[in-house]
Amino acid sequence: MAYTPQKPALTPTSEELRARIPGWGVDLDPRDRPAVPKLQFDPTLSGAHWEFPERQEEKYPRERSIEHKFLTPVFGTSCPPKGLSGVMRRYAYRRFSEARAAHWLILLAADRVDAVESHLASFATLHPDNPITETGVLSEFTRHGFSSRAGRKRADVNHQWIDPILVGGPWLLAGAGAATAVGAVVRRLRK
């Protein structure tokens, strides 16, 4: 019994438990365990029907680490390297080992460059990026954005002041640059 002043009974032995509880200890003997053959190394039990897997077709040159002799048999193809970001990725894989920080820093920078390239490419489509709706700025005013953070110990309150600068700053700079360029073209045409 729980919460009684008497000393608890000693733990029953395996034989007592086996006699009292049907099926208790059925897996004590390794020969009775269903997973035991999987725990033993036996190359004939792998289930593989090949020595080396069939290689995926390479439709364009893929980046490969300098530590590896060849490309893995299967690789992702959803985002092929393109533009300046693709050049940066290929350089990181061709020049630096995966153990070097430079390799990963170049790949991080390539991701940022890819984001800028995608934003610029969106202007050439019928549906360009809309920073007002896609960044969630409107929800600050319609979904109690500030009041849900005020007076609470949330982590995002610490960087709340810089979020508009980080999110909106690049768009404002791009807009100012475009306005300046258009103004320069107009002044030049007037001369």
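The values are calculated or read from the model by the stated rules, or taken from the named source; none is laboratory data. Computed from a prediction, not measured in an experiment: that's the story for all the values here. Counting neighbours? That spans all protein chains shown, and the Cβs are built from the backbone with ideal geometry, glycine included. The protein model used for the area step is the full one, side chains on, heavy atoms only, and it has no ligands, DNA or RNA in it. Shrake-Rupley method; radii C 1.70, N 1.55, O 1.52, S 1.80 Å.
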Fill in the blank from the handout: Those residues of segment 174-191 which are of a type in the set (A, V, I, L, M, F, W, C) and open to solvent by 50 Å² or more (accessible area, probe 1.4 Å) amount to Ala174, Ala176, Ala178, Ala179, Ala181, Val182, Val185, Val186, Leu189
Practice task
Out of the residues in segment 12-43 that are open to solvent by less than 60 Å² (accessible area, probe 1.4 Å) and of a type in the set (A, V, I, L, M, F, W, C), state the one that is modelled with the lowest pLDDT.
Solution key: Val36
Exercise for the section: May I ask you to say which residue of Phe75, Phe52 is open to solvent by less than 50 Å² (accessible area, probe 1.4 Å) and at pLDDT below 85? Expected result: Phe75
Completion exercise
When every residue in segment 142-173 that is of a type in the set (S, T, N, Q) and open to solvent by 50 Å² or more (accessible area, probe 1.4 Å) is compared, the one modelled with the highest pLDDT is Thr142
Exercise for the section: Determine the pairs where a residue that is surrounded by 10 or more Cβ atoms within 10 Å (Cβ to Cβ), located within segment 125-141, has a partner that is among the hydroxyl-bearing types (Ser, Thr, Tyr) with Cβ atoms under 6 Å apart, the partner being 6 or more residues away or on another chain. Expected result: Pro128/Ser122; Asp129/Ser122
